[in-house]
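A short worksheet on the structure shown next.
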Amino acid sequence: MSRLEAKKPSLCKSEPLTTERVRTTLSVLKRIVTSCYGPSGRLKQLHNGFGGYVCTTSQSSALLSHLLVTHPILKILTTSIQNHVSSFSDCGLFTAILCCNLIENVQRLGLTPTTVIRLNKHLLSLCISYLKSETCGCRIPVDFSSTQILLCLVRSILTSKPACMLTRKETEHVSALILRAFLLTIPENAEGHIILGKSLIVPLKGQRVIDSTVLPGILIEMSEVQLMRLLPIKKSTALKVALFCTTLSGDTSDTGEGTVVVSYGVSLENAVLDQLLNLGRQLISDHVDLVLCQKVIHPSLKQFLNMHRIIAIDRIGVTLMEPLTKMTGTQPIGSLGSICPNSYGSVKDVCTAKFGSKHFFHLIPNEATICSLLLCNRNDTAWDELKLTCQTALHVLQLTLKEPWALLGGGCTETHLAAYIRHKTHNDPESILKDDECTQTELQLIAEAFCSALESVVGSLEHDGGEILTDMKYGHLWSVQADSPCVANWPDLLSQCGCGLYNSQEELNWSFLRSTRRPFVPQSCLPHEAVGSASNLTLDCLTAKLSGLQVAVETANLILDLSYVIEDKN
């Protein structure tokens, strides 16, 4: 009998943020996420000491899912960010960097957590109200009748992920494919409530990125020998489809939703095979052209169906079941009994296709709301990162369809927002505080910490020792290379702002990002001609950015409000 140990008392720590261990751990996490941020962000390689899969990435979703976090405070932070990314896909690093900087900045002020939290909520409300307002100077409308802004949005996501290892030509090609794949998921005759289709990403590793393509319908990977055995179907009308989610292998341990009744003395295997053949006869009498099965089809049933010129494909897998149901209009059949006529669906046509060394059976839909994005890249690492990026871009386009606005990217929204908050808190503090008991001095302190946190996110875009400036008219970001002369004529060194909307030929005044300057009113209400003429803007998803901003502030408030951490050591 093993020795019984007495339970250890729980470990209780007060004021957890004041301990050196917590501060150091938060600082390490901040350095990790900061160094990943932006188009020139540094890649991280994650693996365990015992071998196995190695992940090379700069994306928050992959980074945080592979990081082992043990401290309760860090778990709160990382879990909040992961929840945000699972819902919105984008702006994970922005959320993490902003949250870490907010916590660091307000700790230096010496104000009570209650005051900090209350004022942070006021500033968050001010930010969200401004970014959603018609007078916002960093928000632009997205017109779905034109592809220009949509392509800018997708391109901005691709260029911010250096581990994809794409050239400019490849970025343009993949951006166009992602946009096309998304547009194919929108029903042509949709009115009112729209139900989007689905884009399936099909891997083609070891191929040129430029060979990637989009096809309407679903591609089922098969061997060349299997494809050769399939009989061609020549039919002028749509092809009738039956989709099975149960096994048709004759395995008696898995009869799906039905039961098999066997008389005494009768072979169980023969009884099941007879029932399978009876099922095949019903499929023939119902004039089915194509049978698809999630699991295995018995060889005898498959041969029987082929003899009657019915194509039978098994081992489809669970991943394709939902897209197949949507595309064909079938109801997956889960038993070996009689089939309801309403369970059948249809496809427009079928054909075979070859891409690289892979062979596919191509189901062509009646209405193209399901499509396949054949995604190529040079190696496994780059392909994994590109797949994740494409999924993010497709999700961002879906969010933009619901809320057709985008924010200026490249750090310009953050610097513009910081300028707006400084101006508002200095010139109209009463509108922020209203009936709050906090003083204007406390508001000024917290507002400066808040703006400094936003500017720290912008500063994270620079990884090569360059300088970051802001103009005093629009409040946009401008980058200067590290080897530029100390005293220079700024218009000669600066070409465009971070988002690409404005150029340095305008009459602008600049100052260094963290320098002391008088608050100014950043120009709002973007001119439509300026947005319309810009063909290479850097943009962010409005919905994802607003959520990231809210999650960062609320998570920082939660962590700042912690008085005790109680750990069970048993």
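The values are calculated or read from the model by the stated rules, or taken from the named source; none is laboratory data. Just so it is clear, the structure is predicted and the values come from calculations on it, not from any experiment. So basically every Cβ, Gly included, is an ideal-geometry build from the backbone, and we count neighbours across all protein chains shown. The protein model used for the area step is the full one, side chains on, heavy atoms only, and it has no ligands, DNA or RNA in it. Shrake-Rupley method; radii C 1.70, N 1.55, O 1.52, S 1.80 Å.
In the stretch 282-290 there is no residue matching the filter, namely being under 29 Å from the mean Cα position of the chain (by Cα) and not assigned by the TED database to the domain that holds GLY206. Pairs are defined by a Cβ separation below 8 Å, a sequence spacing of at least 6 or placement on different chains, a first member in the stretch 122-138 that is in the same structural domain as GLY548 (by the TED database) and within 22 Å of GLU430 (Cβ to Cβ), and a second member that is part of a helix (DSSP H, G or I) and open to solvent by 30 Å² or more (accessible area, probe 1.4 Å); the pairs so defined are LEU124/GLN550; LEU124/GLU554; LEU126/LYS424; ILE128/GLN550; TYR130/TYR420.
Looking across the stretch 10-52, the residues that are modelled with pLDDT under 80 and open to solvent by 60 Å² or more (accessible area, probe 1.4 Å) come down to SER10, LEU11, CYS12, LYS13, SER14, GLU15, THR18, ASN48, GLY49, PHE50, GLY52. Answer with yes or no whether LEU373 is at pLDDT below 95 and aliphatic (A, V, I, L, M). No, not satisfied.
Determine, yes or no, whether ILE310 is out of contact with any Phe, Trp or Tyr (no Cβ under 6 Å at 6 or more places or on another chain), buried (at least 17 other Cβ atoms within 10 Å of the Cβ), of a type outside the set (S, T, N, Q) and without any contact (Cβ under 8 Å) to a residue 40 or more places away in the chain. Against the criterion (out of contact with any Phe, Trp or Tyr (no Cβ under 6 Å at 6 or more places or on another chain), buried (at least 17 other Cβ atoms within 10 Å of the Cβ), of a type outside the set (S, T, N, Q) and without any contact (Cβ under 8 Å) to a residue 40 or more places away in the chain), ILE310 qualifies. VAL154 fulfils the conditions (1) at pLDDT below 95; (2) farther than 30 Å from LYS569 by Cα except for a single criterion, (1). Just the residues that are outside any helix (DSSP H, G or I), small (Gly, Ala, Ser) and without any contact (Cβ under 8 Å) to a residue 60 or more places away in the chain, please, taken from the stretch 165-214. ALA190, GLY192, listed by residue number.
Just one of the listed residues (SER300, SER335) is exposed (fewer than 15 other Cβ atoms within 10 Å of the Cβ) and over 14 Å from MET222 (Cβ atoms), namely SER300.
What about THR95, is it surrounded by 19 or more Cβ atoms within 10 Å (Cβ to Cβ), touching a His at 6+ places or on another chain (Cβ under 8 Å) and either of a type in the set (Phe, Trp, Tyr) or touching a residue at least 40 places away in the same chain (Cβ under 8 Å) (or both)? Taking the combined requirement at face value, the residue satisfies it.
Criterion applied to THR325, THR319 was being over 12 Å from ILE220 (Cα atoms) and not assigned by the TED database to the domain that holds VAL202, and the one residue passing it is THR325.
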